[in-house]
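Derivation of every value follows stated rules applied to the coordinates shown; laboratory data play no part. Only a predicted model underlies this, so the values are computations on that prediction, with no experimental measurement involved. Methodologically, a virtual Cβ is constructed for each residue, glycine included, from the backbone with ideal geometry; neighbour enumeration extends over all protein chains shown.
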Amino acid sequence: MELPLTQNISQENTPREIYAYEKVGGYHGARKALTMTPNDVQKVVTDSKLRGRGGAGFPTGPKWSFVPMGDAAPHPKYLIANADEMEPGTFKDRLLLERDPHQLIEGMLISAYAIQADIAYIFLRDEYRLAAKRLMQAIQEAYHANYLGKRILGGDYHLELYLHVSAGRYMCGEETGLLNALEGKRANPRSKPPFPQTSGLFGKPTIVNNVETLCNVPHIMAHGAEWFRGLSVSSDSGTKLYGASGRVNKPGLWELPMGATVREILDHAGGIRDGYKLRGLLPGGASTDFLTPEHLDVKMDYDSVTKAGSRLGTGTMIILDDKTCPVGFVLNLEHFFAQESCGWCTPCWGGLQFVERILTAMENGQGRPEHIEILAQHARNLGPGNTYCALAPGAAEPLQSALKYFREDFERHIREKRCPWK
């Protein structure tokens with residue numbers, strides 16, 4: 001089984017220096033791309049059917065195609081790697097950043113060339129200190145080898161790459177909130193249109209892609225679109241970094257063909273710990289709907305998980321076991337979302353705080369029967385189309401699905417005036 005994303009990651013927890021990365025085929029995809037036209041590079045990525053790995057799953061090639069091209073296109077253009085990764089339960093990009101930083105840099109070089117970007121940024125969350133150190137070293141090596149800077153590899157293309165360490169907050173990971181933060185403003189979302197592809201950073205054409213998305217690009221260029229499509233066992237192409245956390249025997253990450261089932265991923269995690277049973281799971285990080293044991297054979301790809309009633313998201317599962325309180329589980333998540341709301345729109349900052357207060361009351365034995373319908377109403381009010389960005393709709397997903405699958409647990413909190421798990 002080919003594992004392009006993790007093939008260069010060793011057990012020593014140290015990244016390859018640039019000469020070692022080149023020795024195993026690194027920057028071959030970039031060299032090949034730079035002999036092609038930008039539009040031809042875009043076509044290869046479009047034909048590969050690569051979809052964004054940050055959560056939304058938007059097709060990468062078509063996203064690039066919205067950027068104005070040609071002599072009349074405004075400049076500078078920007079490419080940004082979203083390495084903010086503050087979603088609870090999600091840690092896939094950290095592995096790539098710390099253990100194979102040149103893979104990301106090569107992916108950014110190819111992607112920037114494809115849209116004729118002049119400047120690129122890696123937008124990194126502040127807590128990823130080791131990643132920052134290793135990225136800075138890799139960027140310096142890439143400049144020294146002329147993969148960055150002026151007249152790259154003796155050609156006419158120029159690209160400057162900068163590492164930007166964020167001041168923090170979950171909202172910085174939202175595409176337009178990230179752009180505001182990068183401009184030195186509060187990380188509030190922007191209304192759309194205009195979309196970043198035409199008016200993004202400093203009002204110029206901008207593409208924001210997730211780290212894992214960009215790390216796929218060198219392999220697509222080196223081996224071709226058909227090869228990439230063939231790695232999958234579903235209608236979505238490529239491989240995927242899947243993860244599992246919670247009461248499993250071996251929490252961690254595994255690169256598997258896109259479309260591996262929930263059951264297969266749990267097998268890689270060593271199964272549920274002895275003495276516990278699976279009650280539910282969030283398939284793609286904290287902002288996805290619960291799935292239950294009946295969904296163990298659902299393929300972890302975009303369409304299959306959607307049909308099952310949730311989202312693939314980041315593909316990093318959070319496990320709920322039978323000895324963990326579902327109400328307390330959801331309260332922990334809603335507390336996070338409430339404190340990370342930027343306050344830009346009322347349904348989000350007001351609604352999430354109210355949800356947190358009700359769940360806290362339930363946990364403390366102060367819940368009332370009407371609270372369940374109030375929570376359900378807030379979950380509907382926080383849904384898509386009612387807020388500027390996806391933070392509140394994402395926060396509503398574990399809440400609405402917990403009410404669907406674990407309603408008896410909410411009712412029991414109210415009936416017994418206590419948390420039964422305490």
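Which lysines have a Cα lying under 23 Å from the Cα of K77, excluding residues fewer than 8 positions away in the same chain?
Cα-Cα hits under 23 Å: K32, K43, K63, K150, K185, K192, K204.
Ordered by residue, what ³J(HN,Hα) values in Hz, to whole numbers, does region 55-65 give under the Karplus form 6.51 cos²θ - 1.76 cosθ + 1.60, where θ = phi - 60° and Gly and Pro are x?
x, 7, x, 6, x, 5, x, x, 4, 5, 5
For the chain, calculate the relative contact order in percent as a whole number, restricting contacts to Cα pairs under 8 Å that are 6 or more residues apart.
Numbers: 848 pairs, mean separation 65.7, N = 422.
It comes to 16 percent, rounded to a whole number.
Return the FRET efficiency for the residue pair K250, F354: r is the Cβ-Cβ distance, R0 is 45 Å, and the value is rounded to the nearest 0.05.
That gives a FRET efficiency of 0.70.
Taking springs between alpha-carbon atoms closer than 10 angstrom, which of A112, A30, A56 fluctuates most in the Gaussian network model of the chain?
Looking only at A112, A30, A56, the largest GNM fluctuation is found for A56.
Of the residues G224, G309, G184, which exhibits the maximal mean-square fluctuation in a Gaussian network model of the chain defined by a 10 Å Cα contact cut-off?
Looking only at G224, G309, G184, the largest GNM fluctuation is found for G184.
Would you mind pulling out the separation of the Cα centroids of region 65-108 and region 226-299, in Å?
25 Å
Give the label of the value calculated from the structure for Rg/Rh (Cα atoms, Kirkwood Rh), choosing from (i) 0.97; (ii) 0.99; (iii) 1.01.
The listed entry that was calculated here is (ii).
So how do M171, M36 line up by other beta-carbon neighbours within 10 Å, fewest first?
Values: M171 25, M36 16.
With the fewest neighbours first, M171, M36 line up as M36, M171.
Hey, with R₀ at 35 Å, roughly what FRET efficiency would H75 and S10 work out to, going by the Cβ-Cβ distance, to 0.05?
0.30
Please give every one of the lysines within straight-line cross-link reach of K250, meaning a C-alpha to C-alpha distance under 16 Å, and leave out same-chain neighbours fewer than 8 residues apart.
K92, K277
Only Cα pairs under 8 Å and at least 6 apart count here; give the relative contact order of region 326-416 as a rounded whole percent.
Numbers: 99 pairs, mean separation 32.5, N = 91.
Over region 326-416, the number comes to 36 percent.
Relative to the longest principal axis of the chain, what angle (0 to 90°, nearest 10) does the C-alpha long axis of helix 370-381 take?
It works out to around 20 degrees.
Find how much the distance from E127 to Y276 grows on full extension, using 0.36 nm per residue of separation minus their present alpha carbon separation; answer in nm with one decimal.
Working: separation 149, 0.36 × 149 = 53.64 nm, distance 3.23 nm.
Result for the pair: 50.4 nm of gain on full extension.
Compute a Gaussian network model of the chain, connecting alpha carbons closer than 10 Å, and tell me which residue from W227, W254, W64 fluctuates the most.
The residue with the greatest mean-square fluctuation here is W227.
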